[in-house]
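The values are calculated or read from the model by the stated rules, or taken from the named source; none is laboratory data. Note that the structure is predicted; figures quoted are calculated from it, not measured. Neighbour counts run over all protein chains shown; Cβ positions are idealised from the backbone, glycine included.
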Amino acid sequence: MMAATFPISLPFDEERRLAMLQAHALLDSEPEAEFDALVSLAADMLDCPLAALTLADRDRFWVKAATGPVPSEMPRQVAFCDHTIRSPDLMIVPDLTSDPRFSVNPLVTGEDGTRFYAGMPIRVPDLDGTPQAIGSLCVMDDTPRSLSPVGEQTLRHLAKLAEALIAARAIARRANAMAELSERQAEDLRTKDRTVRQVERLALTGSWRVVMATGQAMWSDGVYRIHELAPGQKFTLEQGLSYYPPASREVLRATIEDTLRTGDPFDIELDFVTALGRLRRVRVMGEREMVDGKPHGLVGMFQDVTERHALETQLRRNADTDALTTLSNRAAYDRALETAIDRSVTDGTPLGLVLIDLDGFKLINDTMGHLAGDEVLRTIGARLLANWLTDCFVARLGGDEFGVIVHDPMLLAEPEQLRTRIEALMSVAVTMDGLTMSCAGTVCMSLRPEECTTVRDFMHHADSRLYAAKRDRVGERRRGDRRRVG
């Protein structure tokens with residue numbers, strides 16, 4: 001039975017059709033057993049020597065699979081299938097020589113030319129779901145013939161099977177692409193993870209997270225490294241806090257509670273003891289994590305800042321220390337005295353200030369040189385660090401002047417005795433190149449008057465008393481000299 005034929009001018013979107021063909025990446029692809037088997041099945045079931053699965057490119061038809069002597073590709077203007085892809089259904093031509101569309105076609109007129117053709121469009125849906133004909137499944141013979149209704153239905157079914165194979169192939173390609181993308185993403189994550197681990201090692205940092213409902217803590221490798229623990233051990237918040245000395249532990253606990261309550265992030269430095277008992281200094285940073293509008297936990301960073309802290313401490317110490325005597329310098333003394341005065345004013349506690357000026361130091365310096373003078377100053381500095389002055393703040397104020405801030409009520413109860421004991425420390429003899437010289441010190445002890453509420457006021461008060469004491473000491477020495485002369 002001869003099926004109806006259709007005009008070749010049925011409307012279809014060529015650019016969209018070509019886009020879908022390209023999207024499936026079928027053109028010029030390697031042979032695939034599934035398509036070869038499908039074409040072979042079509043030839044066998046329809047008893048035709050030639051069968052092909054063709055794809056319609058812009059200017060050519062390319063054969064994806066075929067049985068019999070079918071060219072691998074042919075121009076679209078001579079391909080029977082160019083008419084098939086424009087047909088809404090099966091196209092059958094019982095005798096090509098009798099059809100004006102094909103009678104002069106070189107595939108028909110040549111020796112052993114094709115006489116019979118039956119083809120079914122192969123369609124795939126585009127992004128809008130509209131079927132686009134990208135090729136055909138066809139059978140051919142060198143003698144005129146037709147297909148039975150069963151044969152026609154078989155070709156339709158086989159075309160549907162071809163479409164299903166193409167769809168499955170597209171799904172497999174997408175799955176492979178997704179797998180490749182997933183692997184690339186996994187590799188990217190592995191690379192980033194390695195980078196994070198390297199950064200953690202270089203920066204001595206780590207990240208952490210705590211779920212408040214369970215108290216469970218999650219640590220990165222960097223946190224374990226700072227703790228000097230093997231990665232992977234499970235820890236709770238309380239177990240993590242146990243690595244801090246008691247005072248630091250309470251500070252961190254209070255800070256965490258405040259962040260959970262207020263949402264304010266924190267960034268603090270604390271003393272820390274590793275699992276191996278090493279004292280370190282760590283920086284702990286954290287912020288609140290919210291889930292469904294409620295505090296869920298904490299996330300943050302952890303950093304070993306021991307070396308930086310030691311350097312900063314040393315720099316501060318250097319900035320506040322007199323290099324020659326290792327006592328505090330004038331800047332540190334002024335700050336300490338200001339704090340002491342504020343506390344004395346607020347609490348009403350007594351505060352004493354001892355000022356010392358060395359007598360005879362300039363003569364030693366001028367006569368024996370700076371090395372001898374430096375030795376005198378170092379000796380005085382060492383003596384002012386006596387155990388009984390441990391609770392006092394001792395400083396070299398400059399040149400041959402020293403200051404002692406006294407808080408101890410027992411020492412302040414006997415100010416003259418304190419002055420006498422310190423004055424005894426000031427008697428120093430130094431020998432160089434057979435020459436021995438000595439110096440002493442004028443010592444003035446002042447209790448803070450109620451009206452002295454600033455460093456300037458108190459120092460002016462103490463300086464005035466020191467100068468008066470020096471005048472008295474000089475006068476006594478001169479009177480003694482006159483008595484010896486008489």
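Within segment 33-102, considering only strands (runs of 3 or more DSSP E) that don't extend past its boundaries, which have at least 3 residues that are within 24 Å of Val150 (Cβ to Cβ)?
Details: elements: 50-56, 60-67, 73-75, 91-93.
In segment 33-102, 50-56, 60-67, 91-93 are the strands (runs of 3 or more DSSP E) which contain 3 or more residues that are within 24 Å of Val150 (Cβ to Cβ).
Any residue in segment 151-170 that is farther than 15 Å from His24 by Cβ and modelled with pLDDT under 90? Can you show your working first?
Residues of segment 151-170 farther than 15 Å from His24 by Cβ: 151-161.
Those still in the list that are modelled with pLDDT under 90 too: none.
Checking segment 151-170: not a single residue is farther than 15 Å from His24 by Cβ and modelled with pLDDT under 90.
When the residues of segment 263-310 are narrowed to those that are aliphatic (A, V, I, L, M) and in a loop (DSSP other than H, G, I, E, B), which ends up farthest from Glu250 (Cα to Cα)? Walk me through it before giving the result.
So the first thing to find is which residues in segment 263-310 are aliphatic (A, V, I, L, M), and the list is 268, 270, 273, 275-276, 279, 282, 284-285, 290-291, 298-299, 301, 305, 310.
Applying the additional criterion that residues be in a loop (DSSP other than H, G, I, E, B) yields 275-276, 305.
Details: Ala275: 19, Leu276: 22, Val305: 20 Å.
Checked segment 263-310; the qualifying residue farthest from Glu250 (Cα to Cα) is Leu276.
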Q.
Residue under question is Ala19, and the condition is that it be closer than 17 Å to Ala167 by Cα, modelled with pLDDT under 95, exposed (fewer than 13 other Cβ atoms within 10 Å of the Cβ) and not polar (S, T, N, Q); does it hold?
A. no
Q: Among the numbered conditions (1) surrounded by 15 or more Cβ atoms within 10 Å (Cβ to Cβ); (2) among the charged types (D, E, K, R); (3) at positive phi, tell me where Arg169 comes up short.
A: (3)
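Conditions (1) touching a Gly at 6+ places or on another chain (Cβ under 8 Å); (2) surrounded by fewer than 13 Cβ atoms within 10 Å (Cβ to Cβ); (3) in the same structural domain as Phe402 (by TED's automatic domain parsing); (4) under 13 Å from Ala395 (Cα atoms), marked per residue:
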position: Gly263; (1), (2), (3), (4): no, yes, no, no
position: Ile268; (1), (2), (3), (4): no, no, no, no
position: Val273; (1), (2), (3), (4): no, no, no, no
position: Asp292; (1), (2), (3), (4): no, yes, no, no
position: Leu298; (1), (2), (3), (4): yes, no, no, no
position: Thr326; (1), (2), (3), (4): yes, no, yes, yes
position: Asn329; (1), (2), (3), (4): no, no, yes, yes
position: Ala332; (1), (2), (3), (4): no, no, yes, yes
Q: Collect the residues in segment 115-131 that are in a loop (DSSP other than H, G, I, E, B) and in contact with a helix residue (DSSP H, G or I) (Cβ under 8 Å, 6 or more places away or on another chain), keeping them in residue-number order.
A: Arg115, Asp126, Thr130
Q) Out of the residues in segment 363-377 that are surrounded by 14 or more Cβ atoms within 10 Å (Cβ to Cβ) and free of Cβ contacts under 8 Å to residues at least 24 places away in the same chain, which is nearest to the chain's Cα centre (by Cα)? A) Gly373
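Collect the residues in segment 344-362 that are assigned to a helix (DSSP H, G or I) and surrounded by 13 or more Cβ atoms within 10 Å (Cβ to Cβ), keeping them in residue-number order. Walk me through it before giving the result.
Here is the first cut: in segment 344-362, the ones assigned to a helix (DSSP H, G or I) are 344-347, 361-362.
Once the filter is applied, which keeps residues that are assigned to a helix (DSSP H, G or I) and surrounded by 13 or more Cβ atoms within 10 Å (Cβ to Cβ), segment 344-362 yields Ser344, Val345, Phe361, Lys362.
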Q.
Go through (1) in a helix (DSSP H, G or I); (2) of a type in the set (A, V, I, L, M); (3) surrounded by 13 or more Cβ atoms within 10 Å (Cβ to Cβ) for Ala468 and report which single condition fails.
A. (3)
Q. In segment 116-137, what residues are crowded, with 24+ Cβ neighbours inside 10 Å and under 14 Å from Pro94 (Cβ atoms)?
A. Tyr117, Ala118, Gly119
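Leu237 - would you say it is closer than 19 Å to Gln303 by Cα, touching a Ser or Thr at 6+ places or on another chain (Cβ under 8 Å), touching a residue at least 12 places away in the same chain (Cβ under 8 Å) and not polar (S, T, N, Q)?
Values: closer than 19 Å to Gln303 by Cα: yes; touching a Ser or Thr at 6+ places or on another chain (Cβ under 8 Å): no; touching a residue at least 12 places away in the same chain (Cβ under 8 Å): yes; not polar (S, T, N, Q): yes.
No.
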Q | Residue in segment 50-104 that is surrounded by the fewest Cβ atoms within 10 Å (Cβ to Cβ), counting only those that are basic (Lys, Arg) and touching a residue at least 24 places away in the same chain (Cβ under 8 Å) | A | Arg58
Q: Output the qualifying pairs, or none if there are none: Cβ atoms under 9 angstrom, residues six or more apart or on different chains, first residue in segment 418-436 and exposed (fewer than 15 other Cβ atoms within 10 Å of the Cβ), second residue in a loop (DSSP other than H, G, I, E, B).
A: Met432/Gly369
Q. What number goes with the only condition from (1) over 51 Å from the mean Cα position of the chain (by Cα); (2) among the aliphatic types (A, V, I, L, M); (3) surrounded by fewer than 15 Cβ atoms within 10 Å (Cβ to Cβ) that Ile380 does not pass?
A. (3)
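Given Glu228, Glu180, Glu187, which one is farther than 19 Å from Gly300 by Cβ, among the acidic types (Asp, Glu) and over 23 Å from the mean Cα position of the chain (by Cα)?
Glu180
The rows are residues; the columns are (1) assigned to a loop (DSSP other than H, G, I, E, B); (2) under 19 Å from Phe61 (Cβ atoms); (3) of a type in the set (A, V, I, L, M).
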| site | (1), (2), (3) |
| --- | --- |
| Leu107 | no, yes, yes |
| Gly113 | yes, yes, no |
| Ala133 | no, yes, yes |
| Leu137 | no, yes, yes |
| Leu147 | yes, no, yes |
| Gln153 | no, no, no |
| Arg156 | no, no, no |
